[in-house]
Each structure stands twice: as structure tokens, then as C-alpha cells.
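Below: the structure, in C-alpha cells.
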Amino acid sequence: MANGGIIGPTNDPKQNDLLEAFTSPGCFTSPIGATTGDIIVVAGGAGTGGGGGAGGAGGYRVLTCQPIPASAVTVTVGGGGAGSPNCTTVGTNGSNSSFGPGSVSTGGGGGMSIMGSPTAGNSGGSGGGGSGNNPTGTVPGGAGNTPATPVSQGNPGGPSGTDAATYTNGGSGGGATGAGTGGAPPVTMCGGAGTNAAPTFGVVACTPGFYPPYPSPRAPELGYFSGGGGGSRNLVPGPTSGGVGGGGLGQPVACAPDSAGIGNTGGGGGSNYVTGTGGSGFVGVKIANAGAFVASGVWAMSSVYTFVKDGNWSN
């Protein structure tokens, strides 16, 4: 049938979901006024203690069907905690992230140093790894989900261990979905696993540019957040694994690369002497049917004119 010069079915435009990512502080204003939406709030990961316990991941929270006001909402993106500058200083906790005053995730807990007294890792969104000068036993990791939230934002860090000769095995940091591992050798000091945001915010292919990028060879972790840092294992060659979700690698030597948590993932810093800083946080917002209109298929010219005039036409 003729419909203004184009033959074919009459179609309606499809409106995409609105997705907005924050990798630094800012404000969010809903384009459709007061509504509800889904929010991901990832705090900054913690730094590692000097040569000892790894940093815990920043707290991870996904809040669905949350009220979003028509007025601007203040967004805070927490920074990663600093790694210790020496063998006696505790790693710095990560900073909190928030969406408005009520949606807050807690920074990760710093790891303990190798030469201090035997001490548990700091508590936080996820806990830091334990460490300390302890030739005869283990030292626990710090508590996760502190302060407590109804749906846990993280897990505890791993305990330190002793090899009886140098007692320098620092526990790994906790992650969003898994505790850090640690203890006496041959236990592997792997960072606690983070979690995948895709079930709520969409797969990577459908949300280009929303998720923070990962450097090679960790690109497959795209879309994951809040992995714990890898702990130290003295006298064992090679790095220990950081938790999937940006956790830094644990290193058997000082100042080795790749020990920092990956930026804007909330990953904890891997065990190192200087460079095991935590990864910064992330905040993302999703509002259903509030994004751009998509126009595809065969259209009546009168419909095209109407949508273009109203600013609702995109290729």
C-alpha cells in the first residue's frame, strides 16, 4: 500500500535504555524527571601493606528499582588506596563511592605490612590480607561487608602464612563474590573474585563504552568489578593472581609491574612494597526506556518527518 511515497509496513521507533557511567565525581540528572532506575556503586580498592597482605576490593552494590529524583543527584567516585611506602606501614583503605546520600559502597580494607606486629588486614567493603612478623602461625584477613549491608558488598581477606624460614607470605584481598585465600604454603594466595555486572546492566556488546576498559591480557574481565589483590608467597617464583574484576597481581619482588588494581574497577592492590595501589571506583546508572530512539526498517515519509521534527530520529 502507498504510504507517502515508500512501500512497506509502518514501524514505531524503539527507545533504548539510558546508561550513564561515572569514572570521576559529578552529578546525574534524570532526562525524564522523577523515576526509578538501577544503580551500580563500586568503591575504591585498597592498597597493599608493604611486602605483606594485599588490598581488599572496594565494596560492590547493585541497587535495582531505586527512586531517582527529578533534581540533580551528587555522585562520588572513590579513589584507590595507596600502597605502603615501606615494610612497616599498612596499606591505605580505598575511599567510598556513592549515588546521593543513601546509596554508598565502602572502600576496601588495606593489607597489613610484612615487618609490623602480626595483625589482621583492615576491614572494609572487602577485607585486606593479614600479615606481620610471625614465624609460627597465621594472621587472619580483615572482615568484609563492613559496615554491614543487607546484600553483602564484599568478603574477608585471606590470612597470612609462614614458611618457617622467612614468614613472608601475605594474605590476599577479599573480593565481591569470594574471600581472599592465604595461609601456610603451599596454599595459593589468590585474590577474591569480583562479580559480573552484565545481568543487570547488559552484556558488553550491547553496552559499548559503559564498562571501564581492561588492558591486555585481562580484556576478558570487561564488565567485572571488585576483585581482590593477590597475596605474596615468598620463595615461589612468579606472581599470584589478582581476583577477576581488576585485582592487582601479587609480586615476589619489589616494584614489579601489574600490582596495582585496575582503574575504575574497585580492584584491590596486589602485594608489593611500593606500587600496590588500589583501583579507583565506578558508578553507573540505568533507566529503562529513557535513552535515544532508534529508527530502523521501512518508514512512511510522514512518520520520518514527524520523528525528525521532534528530535526522536537516529540512524
For Ala205, the lone unmet condition from (1) touching a Ser or Thr at 6+ places or on another chain (Cβ under 8 Å); (2) outside any loop (DSSP other than H, G, I, E, B) is (1)
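Residue-wise test of (1) modelled with pLDDT of 95 or more; (2) buried (at least 24 other Cβ atoms within 10 Å of the Cβ); (3) among the small types (Gly, Ala, Ser); (4) within 19 Å of Gly125 (Cβ to Cβ).
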{"position": "Phe22", "(1), (2), (3), (4)": "yes, no, no, yes"}
{"position": "Cys27", "(1), (2), (3), (4)": "yes, no, no, no"}
{"position": "Gly33", "(1), (2), (3), (4)": "no, no, yes, no"}
{"position": "Asp38", "(1), (2), (3), (4)": "yes, no, no, no"}
{"position": "Gly45", "(1), (2), (3), (4)": "yes, yes, yes, yes"}
{"position": "Gly51", "(1), (2), (3), (4)": "no, yes, yes, no"}
{"position": "Val75", "(1), (2), (3), (4)": "yes, no, no, yes"}
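To keep it simple, each residue is scored yes or no on (1) in a loop (DSSP other than H, G, I, E, B); (2) surrounded by fewer than 24 Cβ atoms within 10 Å (Cβ to Cβ); (3) among the aromatic types (Phe, Trp, Tyr); (4) over 19 Å from the mean Cα position of the chain (by Cα).
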residue	(1), (2), (3), (4)
Val104	no, yes, no, no
Ser126	yes, no, no, no
Thr136	yes, yes, no, yes
Thr146	yes, yes, no, no
Gln153	yes, no, no, no
Pro185	yes, yes, no, yes
Thr200	no, yes, no, no
Are any of the residues in the stretch 289-298 closer than 19 Å to Cys190 by Cβ, in a loop (DSSP other than H, G, I, E, B) and modelled with pLDDT of 75 or more? no
In the stretch 124-154, the residues that are out of contact with any Pro (no Cβ under 7 Å at 6 or more places or on another chain), in contact (Cβ under 8 Å) with a residue 40 or more places away in the chain and farther than 12 Å from Gly182 by Cβ: Gly124, Gly125, Ser126, Asn145, Thr146, Pro147, Thr149, Val151, Gln153, Gly154
Residues of the stretch 236-276 being surrounded by 24 or more Cβ atoms within 10 Å (Cβ to Cβ), more than 19 Å from Gly141 (Cβ to Cβ) and modelled with pLDDT of 90 or more, in sequence order, are Ala260, Ile262, Asn264, Thr265
Give the residues of the stretch 218-235 that are at pLDDT below 90 and not hydrophobic (A, V, I, L, M, F, W, C), sorted by residue number. Ser232, Arg233, Asn234
Just checking, does the stretch 59-70 include any residue being at pLDDT below 95 and buried (at least 24 other Cβ atoms within 10 Å of the Cβ)? no
Can you tell me which residue within the stretch 169-183, out of those that are buried (at least 24 other Cβ atoms within 10 Å of the Cβ) and under 15 Å from Val236 (Cβ atoms), is farthest from the chain's Cα centre (by Cα)? Asn169
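The values are calculated or read from the model by the stated rules, or taken from the named source; none is laboratory data. For clarity, every value in this text was computed on a predicted model and none was experimentally measured. Cβ coordinates were reconstructed from backbone atoms using ideal geometry, including for glycine residues, and neighbour counts include every protein chain displayed.
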